[in-house]
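The values are calculated or read from the model by the stated rules, or taken from the named source; none is laboratory data. Because the structure is predicted, anything quoted here is derived from the model rather than measured. Cβ: placed from backbone, ideal geometry, glycine included. Neighbour counts: every protein chain shown. Note: areas computed on protein heavy atoms with side chains; ligands, DNA, RNA excluded. Shrake-Rupley method; radii C 1.70, N 1.55, O 1.52, S 1.80 Å.
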Amino acid sequence: MADSPRAFVLRHTRLGPVPGLEEIRLHLADEVLPLWHVVQLETRDPDAALPYWAFAWAGGLAIGRYLREHPETVAGRRIYDLASGSGLCAIAAMQAGAIEAIGADIDAFAGAAIALNARANGYRVTVVRRDVLDDDPPDVDVILAGDCWYDARLAERVLPWLIRARDRGIEILVGDPGRRYLPTDELVELATYEVRTTTELEDLELKRGRVYGLGPVVRRDGQAVPPRDRDVNAW
Ligand SMILES: C[S@@+](CC[C@H](N)C(=O)[O-])C[C@H]1O[C@@H](n2cnc3c(N)ncnc32)[C@H](O)[C@@H]1O
């Protein structure tokens, strides 16, 4: 790599407000394909991942809006932003009063972007730059998962990990615009927002971003039942 990831992010993005969450500023790009091409050249990897980290995705935008409206969800709590990308959800959580935020992403450029973006907003976010989905869930109070259901392989690993975390008492918030692999049966919808994204990434500039909790599902008799133990006849 010619540049460090940090220098690369700085060189190819512009610091600016996030549409609909103007109180947050991120290092963002305008166009995805030219930047992807530069990433492929920089990493000498034709299969390099899309530069997810250079955009605020619809799922993360929905979580950001939800935390602005419901700061009590994270205030005074330790949060973990899974598949953090730009760090948007972690930063929104810090802004809502979280006492500690960790952003986890497999992408080296995302690691640099999370740190740069946190700093640009006056916060510190700890970066975990690896795949954590085979690890035990982290010791935190809330996990935020913004826009993780765009890929079949990732989707099939994220849900079991989040269920394990939920079963240990961690609160889970999912943000998603209705991606193909979203496991809606497992989720409880909390809020919907119209979020402004870009046709560089999506079919429409305005998307409906939903925020969900992950059970426990409460039965009519008031008992909480993890989804995998559900007996549909009892509902
Ligand atoms: C669509 S982006 C969402 C970013 C951010 N949450 C948002 O909403 O703007 C998905 C992110 O997941 C990351 N990712 C993919 N597989 C991952 C894994 N196994 N563990 C952690 N992050 C992963 C990608 O690198 C990418 O940054």
- Query: Any idea how many residues of the range 128-176 are open to solvent by 40 Å² or more (accessible area, probe 1.4 Å) and without any contact (Cβ under 8 Å) to a residue 40 or more places away in the chain?
  - Reply: 16
- Query: Would you pick out the residues in the range 1-51 that are more than 23 Å from Glu205 (Cα to Cα) and of a type in the set (Ser, Thr, Tyr)?
  - Reply: Ser4, Thr43
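Scan the range 93-107 for residues that are near the ligand (Cβ under 10 Å from one of its atoms) and either aromatic (Phe, Trp, Tyr) or open to solvent by 10 Å² or more (accessible area, probe 1.4 Å) (or both) and jot them down.
Asp105, Ile106, Asp107
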- State yes or no: is Ala118 open to solvent by less than 10 Å² (accessible area, probe 1.4 Å), touching a helix residue (DSSP H, G or I) at 6+ places or on another chain (Cβ under 8 Å), not in a helix (DSSP H, G or I) and not basic (Lys, Arg)? no
- Query: Of the conditions (1) crowded, with 16+ Cβ neighbours inside 10 Å; (2) touching a helix residue (DSSP H, G or I) at 6+ places or on another chain (Cβ under 7 Å); (3) not aromatic (Phe, Trp, Tyr), Arg124 fails just one. Which one is it?
  - Reply: (1)
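For the range 126-183, which strands (runs of 3 or more DSSP E) that fit wholly inside it have 3 or more residues that are more than 22 Å from Gly64 (Cβ to Cβ) and more than 9 Å from the ligand (Cβ to nearest atom)? Write out each step before concluding.
Numbers: elements: 126-128, 142-146, 171-176.
Counting at least 3 such residues, we get no strands (runs of 3 or more DSSP E) at all.
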- Task: May I ask you to list the residues in the range 49-79 that are away from the ligand (no atom under 11 Å from the Cβ) and either modelled with pLDDT under 95 or surrounded by 14 or more Cβ atoms within 10 Å (Cβ to Cβ) (or both)?
- Result: Arg65, Tyr66, Leu67, Arg68, His70, Pro71, Thr73, Val74, Arg77, Arg78, Ile79
- Message: Among the residues that make up the range 120-136, is at least one of them among the aliphatic types (A, V, I, L, M) and out of contact with any strand residue (DSSP E or B) (no Cβ under 9 Å at 6 or more places or on another chain)?
- Response: no
